[in-house]
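The structure appears right after this line, and notes come after that.
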Amino acid sequence: MIKAARRAARGLNRDFGEVENLQVSMKGAGDFVSRADIKAEQVIRDVLMEARPAYGWLGEESAAAEAEDGMHRWLVDPLDGTTNFLHGLPHWAVSIALERKGEIISAVVFDPVKDEMFTAEKGQGAWMNDRRLRVSGRRDMIEMIFGTGVPFADSKHLPKSLREFSLLLPRCAGVRRWGAASLDLAYVAAGRLDGFWERGIQPWDVAAGSLLVREAGGLIGALDGPGDPVNDGRIIAANAEVFERLGEILAEA
Ligand code: IPD
Ligand code: CA
């Protein structure tokens with residue numbers, strides 16, 4: 001997985017350097033896809049499928065495939081933070097997760113611009129390069145910074161999102177919208193952010209990051225009641241101190 005992420009990142013880095021020459025097409029409101037994105041997914045797919053041909057596939061840019069072994073599946077976002085990438089903002093990542101029988105067991109989120117390789121294996125902890133990760137130990141919400149994904153264009157989630165901001169902002173040290181959900185979760189795992197939430201998100205955006213958070217001692221859940229945080233498209237992640245409180249405030253919205 002690390003090899004695949006590094007190989008894809010080489011091409012993405014090159015393309016990032018000449019971002020203005022990329023051919024860009026619209027894939028839906030506010031959601032751009034570039035040639036770089038598609039190329040990167042192909043590179044990752046080649047590396048992973050060569051190593052494990054019987055595993056299934058769910059990626060943002062190419063056709064899904066059922067697992068021939070009936071058990072394993074890759075969940076891949078070759079370029080998370082596409083809008084940042086296209087604007088020359090140096091905050092985007094390659095995200096790769098491995099699922100076994102519906103459970104994420106291994107994760108890689110790679111930020112090539114900052115050379116930060118976030119990795120986790122179930123039961124083995126979470127790491128950034130060679131440093132072990134731990135979620136933040138902050139207890140007072142007023143000192144906390146949260147990450148989120150704000151809906152763009154005509155998203156039906158916009159009004160709720162604005163209500164969430166008005167409830168949360170007076171109670172914390174700030175909310176960031178950095179534009180790459182996989183890195184938001186990696187930052188929760190690293191204790192840089194104290195929590196994160198988003199609605200309308202895809203499994204490949206959050207599969208790897210969710211394991212990073214868990215393995216760093218954080219909590220992951222579905223927003224707005226019970227559910228599957230990776231597959232239901234509504235995720236909340238935080239350190240154990242604030243997880244419940246954050247959920248309550250967001251529920252008020
Ligand atoms: C997006 C980013 C963004 C999040 C969106 C995702 P993309 O992924 O992770 O932070 O708010 O929900 O779709 O389109 O850049 O791969
Ligand atoms: Ca994404």
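The numbers here are math on the coordinates, done by the rules we state, and not lab data. Being a predicted model, the structure only gives us computed values, none of them experimental. When we count neighbours, we look across all protein chains shown, and the Cβ atoms used for this are built from the backbone with ideal geometry, even at glycine.
List of remarks:
- Dimensionless Rg ratio for the stretch 112-253, taking C-alpha atoms and the 2.2 N^0.38 Å reference: 0.97
- Each Lys and Arg adds +1 at its Cβ and each Asp and Glu adds -1 at its Cβ; summed about the Cα centre, the chain shows a dipole of about 440 debye.
- ³J(HN,Hα) computed for each position of the stretch 102-118 - Karplus, 6.51 cos²θ - 1.76 cosθ + 1.60, integer Hz, glycine/proline x: x, 10, 6, 10, 8, 8, 9, 10, 10, 9, x, 5, 9, 6, 10, 9, 8
- Shape box of the chain [Cα atoms, principal axes, largest first, Å]: 48, 41, 32
- Cα shape, the stretch 195-253, gyration tensor, a/c 1.5 rule: oblate
- Label-point gap, in nm, between F152 and A64 - each point 7 angstrom along Cα→Cβ: 2.4 nm
- Protection proxy ranking, peptides 85-92, 59-66, 205-212, average beta carbon neighbours within 10 Å, highest first: 205-212, 85-92, 59-66
- Sequence of S166, S106, S136 once ranked by neighbouring C-beta atoms within 10 Å, starting from the fewest: S166, S106, S136
- Lys-Lys pairs in the chain that are eight or more residues apart or on separate chains and whose Cα atoms lie under 19 Å of each other come to 5.
- The stretch 2-132: proportion of alpha-carbon pairs further apart than 22 angstrom, %: 37 percent
- With the cut-off at under 12 Å, measuring from each backbone N in the stretch 198-213 to a point 7 Å along the Cα-to-Cβ line of S166 picks out no residue.
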